[in-house]
Amino acid sequence: MDLTPCCASEDDKLQPLGSSGRNRWRVSESRADLVRAPIRPDPITVQADSKLITIDLARTAIIVIDMQNDFCHPDGWLAHIGVDIAPARQPIAPLQRLLPVLRSRDVPVIWVNWGNRPDRLNLSPALLHVYNPNGNGVGLGDALPGSGARVLERGSWSAAIVDELKFDPSDIQVAKYRMSGFQDTELDSILRNLGVTTLMFAGVNIDQCVLCTLQDANFRGYDCLLLQDCAATTSPDYCLAATLYNVRQCFGFVMNSQAIVAGLDDGVRQATVDMP
């Protein structure tokens, strides 16, 4: 049965309504079309640790976690409290190679970083205790001696992405306040508006914020791919081993970024062969 008005005026023309082309209505004063435009699949096949897997780039995003000055810069917070930050810098080079390739295929790059309120009103004593157990150290929101930069405070140098990793205007930033990037943030809403079902994970620490965010993604039904060479930790080696085991066993797949790049290259070559 055709319910289209027989005499629709020019003023009744349907207008797009939605922040993302992947999740958009069309509306007018008299009509609302809730049918989303179909998303054309863009599959690639990549080698994970355990098997070949095929993913749809059109429904994939990469989440890069906590590649921030306070974790990865010699003048940042971790270095100040005596942590060897060399491992935290290891993901920089592979991410420099991978991110431009993903952007060229319209895969959203989402930076999920600590970005605490200056008044710390959304941080509980239990959370503050993790980073300042004696109460007289330098913890979340405290000023670093020398620079005065406040640890992981939103908008500060401390919370900024390291200079070696360039933020592109097409990228998306999400501030987080817990080890998980989903807890008390807008991340899930953003992913749903983008029509994303598969997530690649990168950043630091792989056994803490990366793992917690990946687990929460799994609990919400997302497909999870941990990029081992694009993630690292300053924790002991057994923490890394346990993380990789648990991701493989319970939460998703583990692979290296080279497998993603190789899959993209194979897809380009196949598309060239298939051209008439």
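A few points about this structure:
- Hey, Gln173 assigned to a strand (DSSP E or B), closer than 30 Å to Ser147 by Cβ and not aromatic (Phe, Trp, Tyr) or not: yes
- For the stretch 219-258, the tally of residues that are open to solvent by 50 Å² or more (accessible area, probe 1.4 Å) and in a helix (DSSP H, G or I) stands at 11.
- Residue list for the stretch 99-155, restricted to those being part of a loop (DSSP other than H, G, I, E, B), of a type in the set (Lys, Arg) and touching a residue at least 24 places away in the same chain (Cβ under 8 Å): Arg105, Arg117, Arg154
- Contacts under 6 angstrom Cβ, first residue in the stretch 75-90 being open to solvent by 30 Å² or more (accessible area, probe 1.4 Å), partner part of a helix (DSSP H, G or I), 6 or more apart: Arg89/Cys72
- Criterion: open to solvent by less than 10 Å² (accessible area, probe 1.4 Å) and either assigned to a loop (DSSP other than H, G, I, E, B) or over 20 Å from Ser147 (Cα atoms) (or both) - qualifying residue of Ile53, Ile62: Ile62
- Tallying residues that are assigned to a loop (DSSP other than H, G, I, E, B) and open to solvent by 10 Å² or more (accessible area, probe 1.4 Å) within the stretch 35-50 yields 10.
- The listed residues are Pro100, Pro94, and the only one of them that is open to solvent by 40 Å² or more (accessible area, probe 1.4 Å), modelled with pLDDT of 95 or more, closer than 22 Å to Asp168 by Cα and under 21 Å from the mean Cα position of the chain (by Cα) turns out to be Pro100.
The values are calculated or read from the model by the stated rules, or taken from the named source; none is laboratory data. All of these numbers come straight from a predicted model, not from anything done at the bench. Glycine also receives a Cβ, built like all others from the backbone with ideal geometry; neighbour counts cover every protein chain displayed. These accessible areas exclude ligands, DNA and RNA; they are computed on the full protein's heavy atoms, side chains included. Shrake-Rupley method; radii C 1.70, N 1.55, O 1.52, S 1.80 Å.
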